[in-house]
Amino acid sequence: MDDLEKAILISFDESGTVDHLLKSRAISYCQQVKDTTSIARVCIDRLSDTKFVQVQFWCIQTVHEVLRLHYSSINPEEVSYIRKSIFSVACHDTPDGANSSRILEGPTFIKNKLAQVVVTLIYFEYPLIWSSVFLDFLQHLGRSPLVIDMFCRVLTALDDELISLDYPRNSDEISIATRVKDSMRQQCIPQIVRAWYDIVDLYRKSDPDLATLVLDTMRRYITWIDIGLVANNAFIPLFFELILVDGNSEHVRGAAVSCVLSVISKRMDSASKLSLLRSLQISQVFHLVVGDSDSELVLKLGVLITGYAMEALECSRHLDSEYVKGFSLDLLEEVLPSVFYVMQNCEVDITFNVVQFFSCYVSTMKTFSALREKEIMHVSQILEVVRTRILFDPMYRENLNLPDKIGMEEEDRMAEYRKDFFVLLRTMGRVAPDVTQMFIRNSVASALGSPESNVEDVEAAVSLLYVFGESLSEEGLRNGAGVLTELVPLLLSARFSCHSHRLVALVYLETLARYMKFVQVNTQYIPLVLAAFLDDRGIHHPNLNVSQRASYLFMRVVKLMKAMLVPFIEMILQSLQDTVARFTSVDWKEPKYSGSEDGTHTFEAIGLLIGMEDVPPEKQSEYLSALLIPLHQQVELLLSEAKDQNSNDSNTRTANIQQIIMAINSLSKGFSERLVTATRPAIGVMFKRTLDLLLQILVVFPKVEPLRNKVTSFLHSMVETLGASVFPYLPKALEQLLVASEPKEMVGFLVLINQLICKFSTLVRDILEEIFPAIASRAFDILPRDAFPSGPGSNTEEIRELQELQKTLYTFLYVMATHDLSSVFLAPKSRGYLDSIMQLLLYTSCNHKDILVRKACVQIFVRLTKDWCTESNSGEKVPGFKTFIIETFATNCCLYSVLDKSFDFHDANMLVLFGEIVMAQKVMYEKFGNDFLMHFVSKCFPAAHCSQDLAEQYCRKLQGNDIKALKLFYLSLIENLRCQQNGNHIFR
């Protein structure tokens, strides 16, 4: 053994016994040898000597790399030597036959790599240089089954590496593939097909593995060769004989099935395809699917039968002649029973193909004026396939009930798997509503009536009813289209034996919620609805997951039907008493409910009910007091405990306070501003007391972010509910919230201020003048004055929070400017920040990456110009502002920023920004007249090399009344200046 073989063997060693340094040296040595000019000859010579498969593989792989990467630079004589040597090995035609036998009888990976080398030569040389490659192979097939095996591997590799469109190809590869296929069709395909036939016929009994390999190779080539070479009186009988004879190898039978599928899937015109399908007599294989449903043969037959049905259907859709179309429908009728059997009885992974076929078949029914009896029967069978296929596997029953990790994964998998079947169900609901409804009615009735009904059957039946609702119109839902008048009451009164299972309970509640519009019209069923949501089928279900979902769905039901539920309020509150008690009597040391949001939807539902003006005032006060007083007491207790410095369990306590705040917040959503401030002010007093109490949380827990967020959220609600009567509470609240120093909390604070401004406008001027200096000071302390860093490492949580704060700050400034509050900027306490704010807005209007933010800043300048500047010259309201707008804003934003090449006029948002910039110029001219023109036209335009003629045209457009014409002219002006390479001005 020489050094190269030793190095190769060491480099391939995976035993872990070889020293790491020695292995690295071996790999390095092998690479050095690879880099020599004669490496291909060295490898071929080594192939004839070595007995080690590692060395064989390294040599063949190296030759492959040399050809693939350096073919064009190799000496033609060297290529010829490689070609002859490799082909001799592949055809078992070497002087030393034992050597080629070692390779051809060797491991699969060696033979496949050798086939890749041959294909690489075909890629570069066929047919111009090596025109006889396939014919030469055919002459050697009789030498040994090993050569047949290698020939099949070459054809398979050729398909994988070049021909098959299952892999992405570039234009060069497609061109070369076309060249190879065209040459093969002209030269050798008929001979290859003949050889396939002879080999399969010869070896199907004696060497079934070889026959299978040939059939698998054929399957790939049928798609592009002349179909007449295979769809004939020789091959078709052979295929069916291979499939039908029970004594044949299952692998051979399965490979023959795949060949027949390739034949029927061949692209051709519909008339020719119909003739082909009729000649196949596919019914010969129908009886074979009634067997072992898990066998590979049955699975392949399922794919074949479905493929055949799809082709027959396509023929019927594309043939014009009713007479000829009838033949394709006959074929379809013949194969459909087997398709249904396969789908219902075989674990066949062809879901998409089957659903696609059924969808196409059902779609054809849309063209029928009325469904015939056989179509009705087929729809019923398709529905049964859907029902069967959407069933959960019973083996996961307990996992799904918990649910644990396995259960959640299975639920997610089934949700994805079911999508196509549910689309099919909705299609059938529209095409054949009566049949679909009757099937669903029978499924639900069967699930209700049978003591043997299990979780999976019930869940599937109710899921069918749920999905069917998506195919109904609004009117159909309200009026109870079809059998809904029977189904909805049936479901409402249902109590399944397996109702305790999470899956059944959830789909039951979701389905009830979907059909509530029916109950809106048929109000006699309201008691049944309330019972279903309030008893152990819903909010009182033992599974917390179901109980929480029931609370949410019940809230939606109340929102939809609250006026109809007034007579039932007492009963509802009584039923929910224990749920409400969780929030009013829970011991904060008990972690069971800590931090859980379970129940907040229940409070929202109660709020929606008792917040209606239909409820008598005294009753309304009674209900609300009964809810708020215990919650107040609970908060007071927890705050008192928190003030005790020796008290532990602060995390549990704050979690319970969060829970109570969320409950009160949810409750308040049902009360309108008009009710609590005008018609029933006593209710408003209760919420004011609540607000006063909850604001104490900010004092006791000044730095607990989750509590601050919850109180802020409640304050948002109170702004909407209490209206202007919230004002006395704002100073205290804002003072506490302004203590926040983190960007994330500042964002929440500014959002609250924006809400106050949008709702109350100038009424908040005094409050704003007090807090604005603190907001500006904090913002300028933590926000960068220039752009945020970009590139690797810049997308951190901290940077994202600062970006969000900056964006919210611009919104805040915009809201102030557009709600008549620009005077706040000029207040004595705020005046010191005015220059910094103007510079920030100016920089942003010219440079910010978010175009919508730039637009907002331009709009702020326009509004400030309107507010602070008059058409007369009688003194300046804001000294220096006019000069700043004319000389700085107009120059940098209105001219240089749009001249910059980064300002893309093909971008829709950029065009909107450009429109605002043009509008700003119009406003400046209206306010400043010739002062603006003198600077902008007489100084800025010449600096940008604008001609006198264009400047004069601009003046005329600006002085006119057509803003659209001004915008179009200014756009052409900017593009004209850009052509003179004036688009690189730097903003200062």
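The values are calculated or read from the model by the stated rules, or taken from the named source; none is laboratory data. Bear in mind that the values here come from a model prediction, so they are computed numbers and not experimental data. Heads up, the Cβs are rebuilt from the backbone with ideal geometry, glycines too, and the neighbour counts pull from every protein chain shown. With ligands, DNA and RNA removed, areas are computed over all heavy atoms of the protein, side chains included. Shrake-Rupley method; radii C 1.70, N 1.55, O 1.52, S 1.80 Å.
This table checks each residue for (1) closer than 12 Å to Ile851 by Cα; (2) in contact (Cβ under 8 Å) with a residue 40 or more places away in the chain; (3) open to solvent by 20 Å² or more (accessible area, probe 1.4 Å); (4) touching a helix residue (DSSP H, G or I) at 6+ places or on another chain (Cβ under 7 Å).
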position	(1), (2), (3), (4)
Lys882	no, yes, yes, yes
Glu887	no, yes, yes, yes
Leu895	no, yes, no, yes
Val898	no, yes, no, yes
Leu911	yes, no, yes, no
Met919	no, yes, yes, yes
Glu926	no, yes, yes, no
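If you check Arg441, Arg426 for being over 25 Å from the mean Cα position of the chain (by Cα) and open to solvent by 10 Å² or more (accessible area, probe 1.4 Å), only one passes: Arg441. Out of Ala531, Ala563, one residue alone is over 20 Å from Val615 (Cβ atoms) and assigned to a helix (DSSP H, G or I). It is Ala531.
I'm trying to understand the selection: among the residues of the range 936-954, which are of a type outside the set (A, V, I, L, M) and open to solvent by less than 30 Å² (accessible area, probe 1.4 Å)?
At the first step, the residues of the range 936-954 found to be of a type outside the set (A, V, I, L, M) are 936, 938-942, 945-949, 952-954.
The answer is Phe936, Cys940, Phe941, Cys946, Tyr954.
Here the condition is being surrounded by 19 or more Cβ atoms within 10 Å (Cβ to Cβ), over 45 Å from the mean Cα position of the chain (by Cα) and not polar (S, T, N, Q); of Ile243, Ile199, it holds for Ile199 alone.
Every residue, every condition in (1) more than 34 Å from the chain's Cα centre (by Cα); (2) within 23 Å of Leu465 (Cα to Cα); (3) of a type in the set (Lys, Arg), yes or no:
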residue	(1), (2), (3)
Asn353	no, no, no
Gln356	no, yes, no
Ala370	yes, no, no
Arg397	no, yes, yes
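For the range 243-285, which residues satisfy the criterion of being closer than 25 Å to Asp320 by Cα, of a type in the set (Lys, Arg) and assigned to a helix (DSSP H, G or I)? Listed by number, the residues that qualify are Lys273, Arg278. Using the structure shown, decide if Arg204 is over 44 Å from the mean Cα position of the chain (by Cα), farther than 16 Å from Val133 by Cα and not hydroxyl-bearing (Ser, Thr, Tyr). In short, yes. Only residues that are out of contact with any Lys or Arg (no Cβ under 9 Å at 6 or more places or on another chain), open to solvent by less than 10 Å² (accessible area, probe 1.4 Å) and assigned to a helix (DSSP H, G or I) were counted across the range 816-837, and they come to 2.
In this structure, does Phe884 turn out to be in a helix (DSSP H, G or I), of a type in the set (Phe, Trp, Tyr), under 22 Å from Val912 (Cα atoms) and out of contact with any Asp or Glu (no Cβ under 6 Å at 6 or more places or on another chain)? Break it down stepwise before answering.
Working: in a helix (DSSP H, G or I): yes; of a type in the set (Phe, Trp, Tyr): yes; under 22 Å from Val912 (Cα atoms): no; out of contact with any Asp or Glu (no Cβ under 6 Å at 6 or more places or on another chain): yes.
Considered against the rule, which asks whether it is in a helix (DSSP H, G or I), of a type in the set (Phe, Trp, Tyr), under 22 Å from Val912 (Cα atoms) and out of contact with any Asp or Glu (no Cβ under 6 Å at 6 or more places or on another chain), Phe884 comes out as no.
Return the residues of the range 392-423 that are open to solvent by less than 50 Å² (accessible area, probe 1.4 Å), touching a residue at least 60 places away in the same chain (Cβ under 8 Å) and closer than 18 Å to Val462 by Cα; say none if nothing qualifies. Those that are open to solvent by less than 50 Å² (accessible area, probe 1.4 Å), touching a residue at least 60 places away in the same chain (Cβ under 8 Å) and closer than 18 Å to Val462 by Cα: Phe392, Leu400, Asn401, Phe421.
Matching residues to (1) touching an Asp or Glu at 6+ places or on another chain (Cβ under 7 Å); (2) more than 20 Å from Val815 (Cα to Cα); (3) at pLDDT 95 or above:
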| residue | (1), (2), (3) |
| --- | --- |
| Pro828 | no, yes, no |
| Ser836 | no, no, no |
| Gln839 | no, no, no |
| Asp850 | no, no, no |
| Ala856 | no, no, yes |
| Ile860 | no, no, yes |
| Ser872 | no, yes, no |
| Gly880 | no, yes, no |
| Leu899 | no, yes, no |
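Can you say whether Ala312 is buried (at least 17 other Cβ atoms within 10 Å of the Cβ), more than 26 Å from Trp196 (Cβ to Cβ) and of a type in the set (A, V, I, L, M, F, W, C), as far as the supplied structure shows? For Ala312, the condition - buried (at least 17 other Cβ atoms within 10 Å of the Cβ), more than 26 Å from Trp196 (Cβ to Cβ) and of a type in the set (A, V, I, L, M, F, W, C) - is met. The helices (runs of 4 or more DSSP H) found entirely in the range 350-414 that carry 3 or more residues being farther than 30 Å from Ser316 by Cα are 397-401.
Residue check: is Thr94 under 26 Å from Ala157 (Cβ atoms) and either open to solvent by 50 Å² or more (accessible area, probe 1.4 Å) or not in a helix (DSSP H, G or I) (or both)?
Numbers: under 26 Å from Ala157 (Cβ atoms): yes; either open to solvent by 50 Å² or more (accessible area, probe 1.4 Å) or not in a helix (DSSP H, G or I) (or both): yes.
Spelling it out, Thr94 is indeed under 26 Å from Ala157 (Cβ atoms) and either open to solvent by 50 Å² or more (accessible area, probe 1.4 Å) or not in a helix (DSSP H, G or I) (or both).
Can you find even one residue in the range 789-800 that is over 21 Å from Leu698 (Cβ atoms), over 35 Å from the mean Cα position of the chain (by Cα) and either buried (at least 17 other Cβ atoms within 10 Å of the Cβ) or modelled with pLDDT under 95 (or both)? Lay out the reasoning, then the answer.
To start, the set of residues in the range 789-800 that are over 21 Å from Leu698 (Cβ atoms) comprises 789-800.
Pick out the ones that are also over 35 Å from the mean Cα position of the chain (by Cα) and you get none.
Within the range 789-800, not a single residue is over 21 Å from Leu698 (Cβ atoms), over 35 Å from the mean Cα position of the chain (by Cα) and either buried (at least 17 other Cβ atoms within 10 Å of the Cβ) or modelled with pLDDT under 95 (or both).
Let's see how each residue does on (1) over 23 Å from Val726 (Cα atoms); (2) free of Cβ contacts under 8 Å to residues at least 12 places away in the same chain; (3) open to solvent by 10 Å² or more (accessible area, probe 1.4 Å); (4) not hydroxyl-bearing (Ser, Thr, Tyr):
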site	(1), (2), (3), (4)
Pro617	no, no, yes, yes
Leu631	no, no, no, yes
Asp644	yes, yes, yes, yes
Ile664	no, no, no, yes
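Residue pairs whose Cβ atoms lie under 6 Å apart, sitting 6 or more positions apart in sequence or on different chains, and linking a residue in the range 480-491 that is part of a helix (DSSP H, G or I) to a partner that is of a type in the set (Lys, Arg) and open to solvent by 30 Å² or more (accessible area, probe 1.4 Å), are Leu487/Arg441.
For residues that are in contact with a helix residue (DSSP H, G or I) (Cβ under 9 Å, 6 or more places away or on another chain) and open to solvent by 10 Å² or more (accessible area, probe 1.4 Å), tally how many sit in the range 143-152. Give the steps one after another, and end with the answer.
Pass one, the range 143-152, residues in contact with a helix residue (DSSP H, G or I) (Cβ under 9 Å, 6 or more places away or on another chain): 144-152.
Cutting the leftovers down to open to solvent by 10 Å² or more (accessible area, probe 1.4 Å) gives us 144-146, 149.
Qualifying residue count for the region: 4.
Looking at Ala965, Ala951, Ala943, which one is in contact with a Pro (Cβ under 9 Å, 6 or more places away or on another chain) and not basic (Lys, Arg)? Spell out how you get there, then give the answer.
Details: Ala965 fails: in contact with a Pro (Cβ under 9 Å, 6 or more places away or on another chain); Ala943 fails: in contact with a Pro (Cβ under 9 Å, 6 or more places away or on another chain).
From the options Ala965, Ala951, Ala943, the qualifying one is Ala951.
Residue count for the range 742-764 satisfying the condition of being surrounded by fewer than 18 Cβ atoms within 10 Å (Cβ to Cβ), assigned to a helix (DSSP H, G or I) and of a type outside the set (A, V, I, L, M, F, W, C): 6. Taken across the range 212-223, residues that are modelled with pLDDT of 90 or more and closer than 18 Å to Cys346 by Cα do not occur at all. Criterion applied to Ile129, Ile122, Ile110 was being free of Cβ contacts under 8 Å to residues at least 24 places away in the same chain, closer than 19 Å to Ala40 by Cβ and either hydrophobic (A, V, I, L, M, F, W, C) or in a helix (DSSP H, G or I) (or both), and the one residue passing it is Ile129. Considering Cys91, Cys59, Cys43, the condition of being within 30 Å of Val147 (Cα to Cα) and touching a His at 6+ places or on another chain (Cβ under 6 Å) is satisfied by Cys91 alone.
Candidates in the range 50-77 are the residues that are closer than 29 Å to Ile10 by Cα, free of Cβ contacts under 8 Å to residues at least 40 places away in the same chain and not hydrophobic (A, V, I, L, M, F, W, C); of these, the one that is surrounded by the fewest Cβ atoms within 10 Å (Cβ to Cβ) is His70.
Within the range 681-726, the only residue that satisfies the criterion of being surrounded by 18 or more Cβ atoms within 10 Å (Cβ to Cβ), out of contact with any Phe, Trp or Tyr (no Cβ under 8 Å at 6 or more places or on another chain) and charged (D, E, K, R) is Lys710. Screening Leu332 with (1) within 24 Å of Met218 (Cα to Cα); (2) crowded, with 22+ Cβ neighbours inside 10 Å gives one miss only, at (1).
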